[in-house]
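Step one of this worksheet: look at the structure below.
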Amino acid sequence: MDQRQYPQYPQQPGGPCPPYVQQPGMEYPPYPPYGGQGSAAPPYGGSVYGQGGGPVPPRAPQYVYQTPGGKPPRRRRNRAPLVAVLLCLGLAATVFLAGEAFDALRSGGAARRRPTPGEVPSFTIEDLPEDADGGLSTVEIAKTVGPSVVCINVYEPGSISIAGSGSGIILNEDGFIVTNAHVVEGSSAVTVLLDDGRELDAWIVGSDTRTDLAVVKITADGLVPASFGDSDILQVGERAVAIGNAAGQLSGTVTQGIISGLNREISMQAGNSVVTMNLIQTSAAINPGNSGGALVNRFGQVIGINSAKLNSSTFEGIGFAIPSADAQPVVEDLIAYGYVKDRVALGVMVIALSPVTGPANDLPSQGLYISSVEDYSDLNNHDITVGDVILTADGVTLETTSDLLDVLETHKPGETVRLEIQKRGSGNVVTVDAVLAESRSN
């Protein structure tokens, strides 16, 4: 099983979850059919040709028809090899069709009606309880928050085996669950394993790689939503508890530490680009499988969504979580629209230049090389093409892609950003006021 690993900073994130344990007598599939409990019957219905039904009666005398002319009858050919070949081909076709049916059922079985804006469940950040004094014990935190943390298994197209796993946090009784975008990235089907042992099919409501957040939804009764606290009031040194599916086999694992740092700028790979996020640093052990799990304060409130860890043979105990206050607006947009609303897009793919890569290709030693321009980009109206280099944005010198993203995040769709761009070939620098579009990608 391909188990997705955490981003080993700055590598690609991910993390596994408990693998499905195959039951005795089950040949395939290792996971029950969509919406059902499966069957433990052996292949081909459990029968073996030539067995059962009592002894075979003796054959009656055989009479051979002799054709005129006295020709002997033709010998019957042994067709056993042909039958075996046909059986193998039939079995292969059955397995293939079963996989196709599995994908179709998995991808379309769960109810997929997106709520209208008035129906969007709120992501409530609660105040600290007034009567909690020093807070809950770790045992009490585990009992309170544990049922709200789930395991998320993902499947790849054409496969009936679990491709990767992570954790998730139940948002509300309607079945919305927040997790990491890298957990569900590239999946064709998703299932959710609840704390009470139920495994349910889910669909991806929305995913945003820039913030590494995603929302999936299930339909079930008796869900236990988590209580979310305000990450903006955290202090370094506070007790913190992480809950998730550690090591890919140990669901509901609880680890304890402290808040080690706040607003840590961590860069991680997100799709084809590197994004920088401000994360909570904690010493609570975060292992593969904890992606999307809960980081909890001493009052039993989720104040972070576990996302990454820094791993090395020379140090340990450095994990990171997405602050709940940062996650709240993103999650609400993902539920309502499937993407983050009012996020702008310039409509270009860029590559950061350096003093090494730039001059070696007759390009500036600093800036963002334009590798593609989308059809909707306003830059097409200003004769900006592939090969041009963006030097500044709103007066900010651009050295990394994050520099450009930081400038764009200060704008709304329809506003303009002033760019200084060096033209390919001539080297002339032109000033462009580009109108920004709304980004609907993740």
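Would you kindly calculate the translational diffusion coefficient of the stretch 140-215, applying Stokes-Einstein with the Kirkwood radius from alpha carbon pairs, for 10 °C and a viscosity of 1.306 mPa s, and quote it in µm² s⁻¹ without decimals?
Working: Rh = 12.7 Å.
The diffusion coefficient I find is 125 µm²/s.
Cα-Cα pairs above 17 Å in the stretch 149-279: how many percent? Present the calculation step by step, with values, prior to reporting the outcome.
On the way: 5433 of 8515 pairs.
So the pairs more than 17 Å apart make up 64 percent of the total in the stretch 149-279.
Apply the Karplus parameterisation 6.51 cos²θ - 1.76 cosθ + 1.60, with θ equal to phi minus 60°, to every residue of the stretch 331-347 and state each ³J(HN,Hα) to the nearest whole Hz, in sequence, with x for glycine and proline.
Computed from phi, the couplings for the stretch 331-347 are 4, 5, 5, 4, 5, 6, 10, x, 8, 8, 6, 6, 8, 8, 9, 7, x Hz.
Please list 406, 208, 333 in order of solvent-accessible area, largest first, computed with a 1.4 Å probe with all protein chains present.
On the way: 406 90, 208 0, 333 35 Å².
The ordering from most to least exposed comes out as 406, 333, 208.
Using the Karplus equation 6.51 cos²θ - 1.76 cosθ + 1.60 (θ = phi - 60°), what ³J(HN,Hα) coupling, rounded to whole Hz, does each residue of the stretch 137-143 give in order, writing x for Gly and Pro?
With coefficients 6.51, -1.76 and 1.60, one gets 6, 4, 4, 5, 5, 4, 5 Hz.
Projected onto the charge dipole of the stretch 346-442 (+1 at Lys/Arg Cβ, -1 at Asp/Glu Cβ, origin at the Cα centre), which of 372, 346, 405 gives the Cα projection farthest towards the positive end?
The listed residue farthest towards the positive side: 372.
Rounded, prolate or oblate: pick one for the stretch 344-399, where a ≥ b ≥ c are the square roots of the eigenvalues of its C-alpha gyration tensor, a/c under 1.5 means rounded, and failing that, prolate if a/b is larger than b/c, else oblate. It would help to have the intermediate numbers written out before the result.
Numbers: a/c = 2.34, a/b = 1.61, b/c = 1.45.
Prolate, because a/c is 1.5 or more and a/b exceeds b/c.
With charges set only on the Cβ (+1 for Lys and Arg, -1 for Asp and Glu), what does the dipole of the stretch 351-442 come to about its Cα centre, in debye to the nearest 20?
On the way: 5 positive and 15 negative charges, 37 e Å.
Here the stretch 351-442 has a charge dipole of around 180 debye.
Would you list 233, 421, 125 from the most to the least accessible area, probe 1.4 Å? If you can, show how the numbers build up before the last one.
Working: 233 85, 421 0, 125 45 Å².
Ranked list, largest accessible area first: 233, 125, 421.
Just the accessible area for residue 182, please: 1.4 Å probe, Å², rounded to the nearest 10?
Using a 1.4 Å probe on the heavy atoms, I get roughly 10 Å².
Put 302, 348 in order of accessible area, largest first, 1.4 Å probe: what do you get? All intermediate terms of the calculation are to be shown ahead of the outcome.
On the way: 302 0, 348 30 Å².
The residues order as 348, 302, largest area first.
Just read off the accessible area of residue 123 with the full protein assembly in place, 1.4 Å probe, to the nearest 10 Å².
Residue 123 exposes around 10 Å² with every protein chain in place.
Sequence-distant or interchain residues sharing an amide H contact under 5 Å with residue 163, placed H: which?
When sequence neighbours closer than 5 places are left aside, the close amide H contacts are 154, 155, 156.
Can you give the accessible area of residue 408 in Å² (nearest 10), computed on protein heavy atoms with a 1.4 Å probe?
Ignoring ligands and nucleic acids, residue 408 comes out at about 10 Å².
Collect residues whose amide H, placed 1.01 Å from N in the peptide plane, falls under 5 Å from the amide H of residue 343; neighbours closer than 5 in sequence don't count.
Under 5 Å from the amide H of residue 343 lie the amide H atoms of 439, each far enough along the sequence or on another chain.
For residue 372 and residue 426, what is the calculated FRET efficiency with R₀ set at 22 Å and r taken between the beta-carbons, to the nearest 0.05? Intermediate results must be reported in sequence, preceding the final value.
Numbers: r = 21 Å, r/R0 = 0.94.
Efficiency at R0 = 22 Å is approximately 0.60.
The values are calculated or read from the model by the stated rules, or taken from the named source; none is laboratory data. Worth saying up front: this structure is predicted, and the values here are computed from it rather than measured. Here Cβ is always computed from backbone atoms with ideal geometry, including for glycine, and neighbour counts include all displayed protein chains. Side chains included, ligands, DNA and RNA excluded: accessible areas come from the protein's heavy atoms. Shrake-Rupley method; radii C 1.70, N 1.55, O 1.52, S 1.80 Å.
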